[in-house]
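Worksheet: one structure, shown below.
Derivation of every value follows stated rules applied to the coordinates shown; laboratory data play no part. Owing to the predicted nature of the structure, the values given are computational and were not obtained by experimental measurement. Ideal geometry is used to build each Cβ from the backbone, glycine not excepted, and the neighbour counts take in all protein chains shown.
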Amino acid sequence: MPEIGATLREARMRARIDISEIEAQTKIRAKYLRALENEEWDLLPGPTYVKSFLRTYADALHLDGRRIVEEYKLGHERLSDVELQPIVPPGRRDRPSAPRVGRLWFVGLALVVLVAALYFLGRGGGDDDGGQRAATATTEQPAAPAADGEREDGKASAGSKRKPAPKRVRLRIEPEAPVYVCLVANGSRRLIDKQVLQPGSPTETFRAKRFTMTLGNGSVILHVDGKAFDVPESSDPIGYAITPEGREALPEERRPTCGQ
């Protein structure tokens, strides 16, 4: 089986494409492209960059980027200590667990308080006169007036107005590693056309009724109407549709291709 670097170099040479042309097309620096062809993995920033660069370079040469990334993972990638650690929700990673004895003491105290409360409630409930007076007071209490814009039967009146649902959604993309992006607004307007975004360079905030996108990997944070959410970690392409009602993961056949 030919080496990864040799496969990339031979494909480029057959197509008679210079390294500088690939650099301009993929936005990947020429020294990194040469490192990929020479399989000098230590010259690249890290495994995540290597996989992203390999896929982008292979796609630019019309090769099977997914197959080349899998060959790299099988032959060169090793799980780091961080990757071997169990997945913990972000809010609980560095929070020490409370001692078991302290939790048992707290539960016991809560049970004592509950028993005492039930005891005093039982004693108070034995006074028939007091209970009857409370029931009488409850019966004679006048009904609360209907809220503004609401009928007495609890249904909204014809004059009440509901806040209209938002018609547009705001979106900003923040890459954490190099990531291929195809972003389309309202089904036809290309906002980001087959670009590889670099970490530390978030996009501007876009506004539209509907966004559809294809991401080359999961190394990105999406800011929707000011709220950020992480895309699941993945080395394979991911697609989303985002509207004012929410977001939806898209299967491969529904993802935008930006003219591919």
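Overview of values
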quantity: Linear extension gain, Thr257 paired with Ser234, 0.36 nm per residue minus alpha-carbon span; calculated: 6.4 nm
quantity: Listed peptides 180-189, 213-222 by packing density, highest first (mean Cβ within 10 Å); calculated: 213-222, 180-189
quantity: P(r) weight above 22 Å for region 169-254, C-alpha pairs, percent; calculated: 13 percent
quantity: Vicinal HN-Hα couplings computed from phi for region 6-22 (Karplus, 6.51 cos²θ - 1.76 cosθ + 1.60; Hz; Gly/Pro x); calculated: 5, 4, 5, 5, 5, 5, 5, 5, 4, 7, 6, 10, 7, 4, 5, 5, 5
quantity: Protection-proxy order for peptides 66-77, 241-252, each taking the mean of Cβ atoms within 10 Å per residue, highest first; calculated: 66-77, 241-252
quantity: Normalised contact order of region 169-254, rounded percent, pairs of Cα under 8 Å and 6 or more residues apart; calculated: 31 percent
